[in-house]
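The structure under discussion appears below in the form of structure tokens.
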Number of protein chains: 4
Amino acid sequence: MSKLFFRYGAMNSGKSTALLQVAHNYEERGQSVVVVKPALDTKGHNQIVSRLGVNRTADILLAAGQDLRGKVEELRQNRASSQSALACVLIDEAQFLEPAQVDAALEIAVLDDLPVVAFGIRTDFRRRAFPGSLRLLEVAHSLEEMKTICRCGEKAIFNARLGESGMTHEGHQIMIDAPGVTYEALCAHCYLEYEQRHSLSL
Amino acid sequence: MSKLFFRYGAMNSGKSTALLQVAHNYEERGQSVVVVKPALDTKGHNQIVSRLGVNRTADILLAAGQDLRGKVEELRQNRASSQSALACVLIDEAQFLEPAQVDAALEIAVLDDLPVVAFGIRTDFRRRAFPGSLRLLEVAHSLEEMKTICRCGEKAIFNARLGESGMTHEGHQIMIDAPGVTYEALCAHCYLEYEQRHSLSL
Amino acid sequence: MSKLFFRYGAMNSGKSTALLQVAHNYEERGQSVVVVKPALDTKGHNQIVSRLGVNRTADILLAAGQDLRGKVEELRQNRASSQSALACVLIDEAQFLEPAQVDAALEIAVLDDLPVVAFGIRTDFRRRAFPGSLRLLEVAHSLEEMKTICRCGEKAIFNARLGESGMTHEGHQIMIDAPGVTYEALCAHCYLEYEQRHSLSL
Amino acid sequence: MSKLFFRYGAMNSGKSTALLQVAHNYEERGQSVVVVKPALDTKGHNQIVSRLGVNRTADILLAAGQDLRGKVEELRQNRASSQSALACVLIDEAQFLEPAQVDAALEIAVLDDLPVVAFGIRTDFRRRAFPGSLRLLEVAHSLEEMKTICRCGEKAIFNARLGESGMTHEGHQIMIDAPGVTYEALCAHCYLEYEQRHSLSL
């Protein structure tokens, strides 16, 4: 029986680089992988983009309501006739999966015996899990942290949204490439302190 | 800065034993701990009960709406005059905490610099996180799995509710010591297969 | 394929309790375990003794030069006719295994498909691995830390030997129940500082 | 107090990529790192070379007998006057460190309060720890596995040396870029089976 792994981390912890490395490791072995990206992540279109400067095109750009298990099975059969059998499913920005798509990922691992490694952000700028992350935190076989650091040197675990006048709790859960909006990965102490200084509350 | 740890596992993975061991390790060192149990867990009243046969009385039986941080601070000041300073907060059955109580646990670690170790079940019999577990999965510094095994020998990650005619998805999220209701920790494969055999769906 | 796990920790990190809990988890499931203890550990004779107050008799008291794989196989066949099949091998004080016995443990996992969980101390009072620990650190599938704390509250990772005039680097690697000799688990900082204060060097 | 981390893995598990990602994460934050490479690794001279195609020049090419702590302290003082303070020491191919250099790495973390992350291979082609790996396995605060896969799909944990007629146990521990010699990361099962087929023993 294969497993569903959730490698979670704050923003800029190197998740896409790690995904590209796993893909590379399989392909060096003559095995092939399927790389999935939720269409909800509009940044980079169908590209997996690592901040280290390495890129790759996703095999599946998964839209809302689409059947992940069916799409992977289709690719699996296509590749069965090629020289490199499908050995692993890799999902970037997995926080943007729908809960039912995470359930499909679990079925791919458990019922179709194909390991699935999902990389994603744990929580949004208000420290609430994204729908995809929440379901992964509930059902993944293994929760593995990708570490990065806060400005203070501690491990960053939260993501602050920064507007024009500092930290904000306003706006939609997902705002990508919105003008005047940036994000910063912070440790719990810097996040809570920043929140108090801005008199923010949920 | 201290940390909030969430040690999660399926039922019967030895969480209470592990908690009692941590308490023992501190006390051997001449340091003291606070042991917390949510009052929602009616089993064993104010006792932490390990299936290995070791027991201990909780220092705080935490009711709904109660302020965890205030209660710990009170105990901390009481002990400041004794010989063994308060060094750690240990929470049993942490899935039964309210989300705000988990936020208080994070503040105890981050703002009051006292490590907090919360032991709890990840998901209920429908594979949904308990409110306390969900918040811990979102904000804990470290997610650490306590392992146990399924009847088939694989790692158990889910908890099935067994009624009189087998696996069921019926009933309240929390049913402790209800007549005719038992639980079994299962691996993902046995859980999904069992579910299909009983034609259950959520 | 099963795996060989090495759960290592400083002294008094709760290794024996954890072993007894794993045994309990299997037995609750109607599966049986083999508990192994190296005869080199003369403390408690053939008993696994947890500081929490739980005890159990070892199934195999393994002497120097003895064939672990053969002994486990023998027990496995004996139990095949009973109602509870052998499902796991648990080793206490695994730092006292001979390297060849660790190699046998790996073969039990990999070739005989029986999971082996070895609990042991990582390093001796001079911060050198014990022969059994060294081999486990080299070949185990998974290295999992059992945590405990230093007198200062940090994680303890080393074990100091304390003689009559404080920390010492003198004496045999193994001295159990020797008069005037005690041990203390320390963090790296307290260990190095203690060492300098006593002008000790290796 | 900072920590010494040992991120170990079989060959081709992406250790250099991971090191370059950590360096990038710090530098994005306006903090600087020191990248160390043992001179014993003659491949790529003073370059850290990732198989994903990213490179970087090492700040310290550490020769036998050299004082790692002194060299890092020198760089630290140089950077103190620049805008980006030294925040982390990263060591590639750490299996090639001398044991005393690993002890120096621990002192940098514990006494100089600078985190050290060492990336390296756990064992050689005969499944014996390299001198640097052995010392890291003994004294690192945290042992973290970098995973890669075997040709069979299982997790690879050993490294086989392949000569002209298959697996071999002959030759020096370190043979880099030797004609006719290649390496393959294998799982324990494939390694042991391969060994038996070639009637190899140590």
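Any read-out appearing in this document is the output of simple, stated calculations on the displayed coordinates, not a laboratory observation. Because the structure is predicted, anything quoted here is derived from the model rather than measured. Cβ atoms come from the backbone with ideal geometry, glycine included; neighbour counts cover every protein chain shown.
Go through B:K43/C:K43; A:K3/B:K15; A:K147/B:K43; B:K147/C:K155; A:K3/D:K3 and tell me which ones have a Cα-Cα distance over 29 Å in this structure. With Cα atoms farther than 29 Å apart: B:K43/C:K43; A:K147/B:K43; A:K3/D:K3. Under 5 Å between amide hydrogens, built in the peptide plane, is the criterion, and for C:A85 it picks out C:S32 among residues at least 5 positions away or on other chains. What separates the D:Q196 label point from its copies, with the point 7 Å along Cα to Cβ, is 3.4, 5.3, 6.3 nm, written shortest first. Helical content alone sets the calculated 222 nm signal of chain D at -9000 deg cm²/dmol, taking -39,500 (n - 2.57) per DSSP H segment of four or more residues and averaging over every residue.
Treating only the Cβ of Lys, Arg, Asp and Glu as charged (+1, +1, -1, -1), what charge dipole size does region C:71-202 show about its Cα centre? Round to the nearest 20 debye.
Rounded to the nearest 20 debye, it is 320 debye.
Amide H contacts for B:Y183 (H built 1.01 Å from N in the peptide plane; partners 5 or more residues away or on another chain; cut-off under 5 Å): B:L162.
Between this copy and the others, label points of C:E144 are 1.2, 1.6, 1.9 nm apart in ascending order, each placed 7 angstrom from Cα in the Cβ direction. Starting from the label point of C:G70 at 7 Å along Cα→Cβ, the same points in the other copies fall at 5.5, 6.0, 6.9 nm, in ascending order.
Overall, the ratio between the Cα radius of gyration of region D:1-82 and 2.2 N^0.38 Å, rounded to two decimals, is 1.15.
Comparing A:M175, A:M146, A:M11 in a Gaussian network model of chain A, where Cα atoms under 10 Å apart are tied by springs, the biggest mean-square fluctuation is seen for A:M175.
Just how far, in whole angstrom, is region D:28-92 from region B:1-44 if you go by their alpha carbon centroids? After rounding, the separation between the Cα centres reads 42 Å. With R₀ fixed at 45 Å, the C-beta to C-beta distance from D:E193 to C:Q173 puts the FRET efficiency at about 0.80. Think of chain B as having a plus end and a minus end, set by charges on the Cβ of Lys, Arg, Asp and Glu; of B:I149, B:L200, B:V34, B:I149 sits farthest toward the positive end of this dipole.
Set the Förster distance to 41 Å, then compute FRET efficiency between A:L200 and D:A63 from the Cβ-Cβ distance, nearest 0.05.
Step by step, r from the Cβ atoms, then E = 0.20.
When the alpha-carbon atoms of region B:154-195 are used, the pair Rg, Dmax equals 10.4, 29 angstrom.
From the Kirkwood radius over Cα pairs of the protein assembly as shown, Stokes-Einstein at 25 °C and 0.890 mPa s returns a whole-number translational diffusion coefficient of 88 µm²/s.
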